[in-house]
Amino acid sequence: MTDTNRKLKRIRVLERARQSRLDQEAIALAGIRTRKELKASELKTSQTEYLSGVERLNLLRSSQVRENLQFMEENLDFLKAKWMRLFRELQEVEREEKVQLENLGIAHQELKSVGSLVTKLDQQSRLELTRAEQKVQDEKTIERSWVGNNRN
């Protein structure tokens, strides 16, 4: 086995490891995006609850009957706090997504660089093989030529 083939074999192992890392980063990104969609859905629901609570409170304030006004205001404060908490959580998940996208990009770049090295070494290996074959053919031609000249 030539030196180039040994290098190529080691680099292919590294290439598989980099591909595995890229796959893991992609799976992690998919998980983060699923969480993001869930948080966005929860946020939308919370927003709708809060806005409908504001409308109900405004109707209660404008009416003559003001029963449960304190309770409605406290409930509305709770809904607003929930909405803001979900908004912050969504922002945090978006930051995680951004970091994970960067990690995925780095993993992709690393795989790409190893891939180009594999291509280069593969071409070099083929060139060495072609040269070796040509050398064997040349030696056979010289041998036939020498044997042919010595018979006469």
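Numbers for the structure displayed
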item: Selected from E92, E74, E37 as most flexible by GNM, with the chain as the system and alpha-carbon contacts under 10 Å; result: E74
item: Nearest-ten-degree value, helix 3-62 long axis tilted from longest Cα axis of the chain; result: 10
item: Reported label for calculated semi-axes √(5λ) of the Cα gyration tensor in Å given (1) 77, 10, 8; (2) 35, 17, 13; (3) 26, 16, 15; result: (1)
item: Computed FRET value (nearest 0.05) for R85 with V65, which takes r as the C-beta separation and R₀ as 41 Å; result: 0.80
item: Three-way shape call for the stretch 72-152 based on the alpha-carbon gyration tensor, with the a/c threshold at 1.5; result: prolate
item: Sites L129 and I27 - FRET efficiency at Förster radius 35 Å, r taken between beta-carbons, to 0.05; result: 0.35
item: GNM result for the chain, Cα springs below 10 Å: residue of I142, I106, I27 fluctuating most strongly; result: I142
item: CD proxy at 222 nm, helix term only [per DSSP H run n ≥ 4: -39500 (n - 2.57); per residue of the chain; nearest 500]; result: -36000 deg cm²/dmol
item: Anchor K9: lysines whose Cα lies under 26 Å away (excluding residues fewer than 8 positions away in-chain); result: K112, K120, K135
item: Cα centroid of the stretch 66-142 to Cα centroid of the stretch 30-48, whole Å; result: 22
item: Sequence-separation-based contact order of the stretch 3-138, relative, with Cα cut under 8 Å and 6+ spacing, percent; result: 49
item: Cα-based reach from K82 at 22 Å (exclusive), listing lysines while leaving out same-chain residues under 8 positions away; result: K36, K39, K44
item: Top of L79, L69, L90 by mean-square fluctuation, Gaussian network on the chain, Cα under 10 Å; result: L69
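Where a number appears in this text, it was derived from the coordinates with a stated rule and is not lab data. Predicted model, so just to flag it, every value in this text is computed and none were measured. Note: ideal-geometry Cβ built from the backbone for every residue, glycine included; neighbour counts use all protein chains shown.
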